[in-house]
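Reviewing the structure listed below.
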Amino acid sequence: EATRMRLEAEKENGELTLSKIRTIEEDMAKGKFEDDPTAAADAKAMMETLMKRLGGEDPSPAVMVSDPSPVSVVSEKKNDDFVTGAADVEKQPQGIVSREAPDPDSPEGQLRLQAEKYRREATRMRLQAEKENAELTLSKIRALEEDMAQGKFEDDSDAAADAKTQMEALMKRLDGEDPSPAAVISDQKNDKFVSEEDVKKLKGIVSEQAFTNIFTGGNMTKVTSVKVNRTLANAVTDDEITMYDDMWQTFPGFLKDMIAKNMDLEDASTVTSINRTTVDLFFQESETEFFGDLGEAVNMTQRTEIEAIVESIFPRSMWKDGRGPSEVDVDRYLDNYLNSTVFNRASKKEAIPGGYIVSGTNRLKSASADEMMDILTADLEKSPLAEKLACFYIDDPSPRDEMQIETGSLNDPVLLIVATPLAERNNSLALASITAVGLASAWVYSIGTFGNNQAIMDRLQEQNAVGDANLDWFLGMPLPAAFGIVAVAASSAAAKFLVSREEKFKVYPPWLLPSFTLGTWGFITSIKTPPKNRQALFNFAFVGPLVGMVVSLTLLLAGLALTFSSDQSQLPSLPVSLLRESALAGGIVEWAYGSGTLAAPDPTSGVPLHPVAITGFLGVVFTGFSSLPVGQTDGGRMVHALLGRSGASLLSGLALFSLLLAGILGSDLALIYGLVVSLTQRDMEVPCRNEVDGVDTASGLLAIAGAVVVALAVIPVPLDLPWLR
């Protein structure tokens, strides 16, 4: 525990020192010290002190004028890895840096400033690598401790001995007895941290079979081929090569080594000059493939896999057209504003379509990640990056390796960082126009419900024959049904708006989706800002269909009572073919009228219904369809909350296929709705702040009950049932 605290303190002190250096560099770049020589001298002295501290040359606490927080030693090793040896200084005392302070505007001074810049960058890279290796080692220790605490090795003495040996090796590394990088034992994705020396040691810690599974994926062979990118290499002219060679001869040793390592060389000792061969080395590209026993390639690169996964489970607004956050902004957030006391980073950031993911652990004692995300979100909103970035805690979308698939284990959660706004709406005028069409479609449909009323149609034809255009007696008759259709849809949207206020996230104004087969498909309410968690998303998605279905069934029953107490010669009607489209609503009409009503031989014949009953029937149908698990529909959101993104994506595809199949088999409503929802709501929903924690048991039971009602609402009436004969 003491080792952990020391490493954490060293990491935070290193980050603080680096942030001070960046602040001074930014102030210098902005010219804040040009008119104040004293402040310029103080800034230069402070920069030198901080750089010495990074190199371990000054163990004293940092004395900061504007910030009283102490900065302790980051490393006890001197930074002599990045400076030219004494022999080099003696050989080239005048070639690179003079013994006296050079003029900053002279070529000599400019070279020195550039060398200092590279030196600071190299120091930062070294500190970052040391920090990540330490974090990686700590994560492995914690994993072993958890396995031991859970008693996983009680019945396996060999495994217990291996775990003990492994723990001792990791603790030695933390204590500085083993300077080699931390070896990764259970995570194949991080094999770039494994050195050859660690591989030899691991063979003595784990079994041969385990070693083979870890590093080669069972009967797999990893083959890396190297080739030169000829397009880039040939673009370098001979004159440019000559210029680069002249520059190379003036570079200090540490800078040459950095460039050489970028070309996969040990150091710059083998590069005496820049020529065409050296240029080819610089533009080398490596390609790794995995082959099975028969020699055939068995999988694509992981990058292609994760791109396909992300683009299938996240909304297009996050990644389309190359959209994503600036890497500079993400680095700035991770280095300066990510609260390390809440979220413990365990790896470098990894780019995915639309953003970056960072693995790590929740350091708070609470089991839920809500508290962690509340703190991280609040910190981000207070930072200068609040208008640029958003962060979410999600299940790692990376593809699982073979060992994880065999053992049934899942990826650990990760932090997702994306650009804001994530759900931007820039087509409000178009949606307002569509809503107007939706209101018109409800009105037109209500007029059409009188098409099977012979008495009314005869009167309209008589007026038309004599040229009487006075339709005042008729125009008011469709209004109750038109108003009722819109009111049922509005009740669902209003309920969702109230829940979003309660759950403290914002939604866009709803818009009405037209339908000339049902009057409307209901209001579509898009989420503007992310919900807190999946429970909040479920509550929002469930309440709309709940209210819509209760209101619709109530109106249907009340309307049927009004139907039998009214003059049916003045009532509108619905065709039998439409009543057969819903086993729930159609069954209620069949029950009210008597057995055999829906079995009429002419499916175009109408069944007289009061406008209130028509409103209720249509409400049941379009509420049921909007509750199917597709994309951003209420049903899609519920499945997202219950099963997570991957499960929701899978069911969304199955639901669309089922709608298409039902349409082919004869359901016009299913076919039309499938086409409409594919164009308007097929995309996945925006992430919740915390997508790792699921919903409570009560929500699961409500979802099961709701699924039964929805199925009855959208499944056609089976005409072969005895009670319909």
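For this structure, a couple of remarks:
- Taking segment 386-461 and dividing mean pair separation by its residue count, relative contact order in percent (alpha carbons under 8 Å, at least six apart): 28 percent
- Solvent-accessible surface ranking, highest first, for Asp27, Asp472 at 1.4 angstrom: Asp472, Asp27
- Listed peptides 704-712, 645-653 by packing density, highest first (mean Cβ within 10 Å): 645-653, 704-712
- Accessible-area value, Ser515, 1.4 Å probe, nucleic acids and ligands omitted, Å²: 10 Å²
- Cα-only Debye scattering, segment 379-485: base-10 log of I(q)/I(0) at q = 0.11, 0.24 Å⁻¹: -0.67, -1.24
- Solvent exposure ordering (accessible area, 1.4 Å, most first) of Met477, Met47, Met457: Met457, Met477, Met47
- In the complete set of protein chains, residue-level accessible area for Glu311 is approximately 80 Å², probe 1.4 angstrom.
- Peptides 426-432, 449-455 ranked from most to least packed by the mean count of surrounding Cβ atoms within 10 Å: 449-455, 426-432.
- Solvent-accessible surface (1.4 angstrom probe) belonging to Val437, in square angstrom, nearest 10: 70 Å²
- In terms of overall dimensions, the C-alpha atoms belonging to segment 300-357 reach 35, 23, 17 Å along their principal axes, ordered largest to smallest.
- DSSP-loop GluC sites (Glu not before Pro) across segment 452-527, with at most 16 other Cβ within 10 angstrom: Glu503
- Amide H contacts of Ile352 (H built 1.01 Å from N, in plane; Pro and chain starts excluded): Ile357 sit under 5 Å, all sequence-distant by 5 or more or on other chains.
- With both residues required to sit in segment 502-657, DSSP beta bridges show an antiparallel share near 100%.
- Pairs from the list Lys20/Lys52; Lys320/Lys349; Lys256/Lys349; Lys20/Lys172 with a Cα-Cα gap above 25 Å: Lys256/Lys349; Lys20/Lys172.
- With all protein chains in place and ligands, DNA and RNA left out, the 1.4 Å accessible area ranks Glu132, Glu168 as Glu168, Glu132, largest first.
The values are calculated or read from the model by the stated rules, or taken from the named source; none is laboratory data. Keep in mind that what you see is a predicted model, and the values were worked out from it rather than measured. Reconstructed Cβ throughout: ideal geometry from the backbone, glycine too, with neighbour counts over all protein chains shown. With ligands, DNA and RNA removed, areas are computed over all heavy atoms of the protein, side chains included. Shrake-Rupley method; radii C 1.70, N 1.55, O 1.52, S 1.80 Å.
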